[in-house]
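The values are calculated or read from the model by the stated rules, or taken from the named source; none is laboratory data. Quantities reported herein were computed from a predicted structural model and do not represent experimental measurements. Please note: Cβ atoms are built from the backbone with ideal geometry, for glycine as well, and neighbour counts cover all protein chains shown. For accessibility, only protein heavy atoms count, side chains too; no ligands or nucleic acids. Shrake-Rupley method; radii C 1.70, N 1.55, O 1.52, S 1.80 Å.
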Amino acid sequence: MSKLLEKYEDWTLKNASQISSIESFLRTLTYILPVFAALNLIGLYHDSILVRASENLPPSKKPAPSSHNRYTRYWINSSKTYQRASLALTFLQYTDVLMEMGVQKKWGKEAKWRLIVLIELFKAICRILLLRKTHERTVINPPIPRREVDPSIFNEENRSSNSFVSNGHAGNLMDVHRSKEFETWTGKYTGRIHDRISVVQKGITHYPAVSDYLMSKVLMVEDVQKPSELVHKLQSYGTLGELLYIIRPLLYVLALRKYGNRSWRPWLLSLSIELVTRIMESYYYKRRIPGGYRWSSSLEKEEKKRRIRQFFFYILRGPFYEQFTKPKINNFCHAVSNKPILSLFGGILRDYQPLWENIYFYKISFYTLWSYVFVDP
């Protein structure tokens, strides 16, 4: 079994760029055709392969980790509980649409809503564990590192190795590694590996000039901070606001079960909790953090923007959608039905209206796609 996995990992690295392109295309289909939910889980395994392989890359080709990846990887390596909770939460986020549609088709709506409550309960438990294990810091989404390794790097490495072998060095792959050693030098006291200046001058790196390469090595404040310090600790009402934010989806689903989707009570309850958590968080940062949000890290600002964007999706929920948004969408689709190009867009809206109206997790999945593909860089 281990040999089979090794062969699969070698094949993945040799075709990393093509696999990444296929994954990106099919991951979009995951939100349209939930049967592809397993693709995201396979992508997690591919990410682990690429991360391990990138550790052996020379400094000139090794990607600098983002604040998000430094932070999440630190906690994953520091706490087994965080690792398990983050993977469980990611698994639920990737498969909730598929599970909801499968249960509804097999056992009906009542069983579907019991499943939704159970999934939201498990998600809340996972997020509370993440809050606890990070010593009461804001729960960052996604809770696992993102893919930041350019798969084409491994294609270039494979081509250079194949080229070296085809030029009369077949059977002596150690020469390939020796040739790469001339591109780097190791610090005597730190043991860190660095690029030789000759490598930069020859243009082997991705930077057109030496000055650009040197500028890329300039350290910012966040680069020298410990990973755990990239997100401030919460206390008192800051922690209470985060807990309210975590259990809000569960309270919303329970209210839907009690009052129904056409009642304003669940909608107002969820919106009120969102607003209260924003006020409590802002007040906490203003009172307890020097400089307030102005001096918060890029990771905290990114999470804040993501949560603010969530307010947009209240127009697709409950009675607000039924009374205001849905008539507007229907009028738009009718108005563009005879217009080229626009009629295609209107047809897509009509085709997928039943999905976001009848599948609870579909709106959340659509928001995730919109947030990370069309908004985040």
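If only one of Ile279, Ile247 is β-branched (Val, Ile, Thr) and farther than 25 Å from Phe122 by Cα, which one is it?
Testing whether each residue is β-branched (Val, Ile, Thr) and farther than 25 Å from Phe122 by Cα leaves just Ile279.
Here is a yes/no grid of residues against (1) buried (at least 16 other Cβ atoms within 10 Å of the Cβ); (2) without any contact (Cβ under 8 Å) to a residue 12 or more places away in the chain; (3) under 24 Å from Ile289 (Cα atoms):
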site: Met101; (1), (2), (3): yes, no, no
site: Gly108; (1), (2), (3): no, yes, no
site: Leu121; (1), (2), (3): no, no, no
site: Ala124; (1), (2), (3): yes, no, no
site: Lys133; (1), (2), (3): yes, no, yes
site: Ile140; (1), (2), (3): yes, no, yes
site: Ile144; (1), (2), (3): yes, no, no
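Please return the ranges of helices (runs of 4 or more DSSP H) entirely within the stretch 64-172 where 1 or more residues are modelled with pLDDT of 90 or more and either on the phi > 0 side of the Ramachandran plot or among the acidic types (Asp, Glu) (or both).
In the stretch 64-172, 80-107, 109-133 are the helices (runs of 4 or more DSSP H) which contain 1 or more residues that are modelled with pLDDT of 90 or more and either on the phi > 0 side of the Ramachandran plot or among the acidic types (Asp, Glu) (or both).
On the given criteria, is Ser337 open to solvent by 30 Å² or more (accessible area, probe 1.4 Å), in a loop (DSSP other than H, G, I, E, B) and modelled with pLDDT under 90?
yes
Only residues that are without any contact (Cβ under 8 Å) to a residue 12 or more places away in the chain and open to solvent by 40 Å² or more (accessible area, probe 1.4 Å): list them for the stretch 247-278, please.
Across the stretch 247-278, the qualifying residues are Lys258, Tyr259, Arg265, Leu268, Ser272, Leu275.
Of all the residues that make up the stretch 303-331, how many are among the hydrophobic types (A, V, I, L, M, F, W, C), modelled with pLDDT under 90 and open to solvent by 70 Å² or more (accessible area, probe 1.4 Å)?
Residues meeting the conditions: 2.
Among (1) open to solvent by less than 70 Å² (accessible area, probe 1.4 Å); (2) of a type in the set (Val, Ile, Thr); (3) more than 30 Å from Asn69 (Cα to Cα), there is one condition Ile348 misses while meeting the rest; what is its number?
(1)
Kindly provide the set of residues from the stretch 265-280 that are out of contact with any Phe, Trp or Tyr (no Cβ under 8 Å at 6 or more places or on another chain) and of a type outside the set (S, T, N, Q), ordered by number.
Leu268, Leu275, Val276, Arg278, Ile279
Please determine, by comparing only the residues of the stretch 279-310 that are touching a residue at least 40 places away in the same chain (Cβ under 8 Å) and hydrophobic (A, V, I, L, M, F, W, C), which one is farthest from Tyr71 (Cα to Cα).
The extreme case among them is Met280.
Could you list, in sequence order, all residues of the stretch 239-295 that are within 19 Å of Arg307 (Cα to Cα) and among the aromatic types (Phe, Trp, Tyr)?
Result: Tyr245, Tyr252, Trp267, Tyr283, Tyr284, Tyr285, Tyr293, Trp295.
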